[in-house]
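Enquirer: Have a look at this one before I ask anything.
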Amino acid sequence: MKQLCLLLTLCPALAHAAPVLDRPQTFEPLSRTAEAITGPITITQDAVVFGENVQVDLQPLGERDGVWADGSSTTAAQLFRVASDPGTLLNGNTICGADQPLRHLAVRQDESYGGWVLTLLAFGGNAEPQGIASPDLCGTYAYLMDGPVGATE
């Protein structure tokens with residue numbers, strides 16, 4: 001099931017508007033990358049907590065249209081500037097690797113084959129990312145969702 005759901009982030013059948021996270025919501029890791037590096041995340045419009053206790057403040061930059069998934073057409077993602085790099089997370093890993101600090105996060109949600117996936121895209125550069133092809137992309141992390149968050153259809 002996890003492998004099928006991981007594929008959903010690569011070839012979504014139906015994308016919805018980015019989640020509007022006006023209250024804290026926790027998402028369990030779906031991808032192996034998320035399991036190994038972040039663990040569960042709790043996210044709102046102004047903060048993300050990785051695992052159980054590493055909080056990073058976020059500055060919302062708004063919803064941006066772009067190509068936010070491999071093989072995808074233009075969709076919306078919610079973009080954030082990160083106040084500070086979270087440093088070492090699970091298993092001694094960092095979200096962007098040892099050579100660059102986390103600077104931006106993009107959050108998107110997709111429905112495909114009846115399942116919902118929240119994807120967190122991490123970027124290490126100072127320039128505002130425009131999509132998955134942005135040169136500063138340093139990781140993508142997939143999480144299970146019970147259903148859409150703040151989606152408009």
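Enquirer: Assuming 0.36 nm per residue, please report the length gained on full extension of the stretch GLN25 to GLN45 beyond their Cα-Cα distance.
Expert: 6.2 nm
Enquirer: Another question about this same structure. Considering only the other residues whose Cβ falls under 14 Å of the Cβ of VAL49, what net charge follows from Lys and Arg at +1 and Asp and Glu at -1?
Expert: In short, -3.
Enquirer: Fewest first, what order do SER84, SER31, SER73, SER134 take by the number of other Cβ atoms within 10 Å? Write down the numbers at each step before the final one.
Expert: Details: SER84 11, SER31 23, SER73 8, SER134 20.
With the sparsest Cβ surroundings first, the list reads SER73, SER84, SER134, SER31.
Enquirer: Chymotrypsin sites (Phe, Trp or Tyr not before Pro), restricted to the range 47-153: which are DSSP loop and have at most 14 other Cβ atoms within 10 Å?
Expert: Counting only loop positions with at most 14 other Cβ atoms within 10 Å, the chymotrypsin sites (Phe, Trp or Tyr not before Pro) in the range 47-153 are TYR113.
Enquirer: Between ASP70 and ASN93, what length comes free when the chain is fully extended (0.36 nm per residue of separation minus the Cα-Cα distance, one decimal in nm)?
Expert: Working: separation 23, 0.36 × 23 = 8.28 nm, distance 2.42 nm.
Stretched fully, the ASP70-ASN93 segment lengthens by 5.9 nm.
Enquirer: Now a separate question. Expressed in nm to one decimal, what extension gain is obtained for the pair ARG32 and GLU128 from 0.36 nm per residue of sequence separation less their Cα-Cα distance?
Expert: Full-extension gain reported as 31.9 nm.
Enquirer: Sorting GLU28, GLU35 on the 10 Å Cβ count, fewest up front, what's the list?
Expert: With the sparsest Cβ surroundings first, the list reads GLU28, GLU35.
Taken together, the values in this text are just the output of simple stated rules run on the coordinates, not laboratory data. All figures in this text were calculated on a predicted structure; none of them were measured in a lab. Methodologically, a virtual Cβ is constructed for each residue, glycine included, from the backbone with ideal geometry; neighbour enumeration extends over all protein chains shown.
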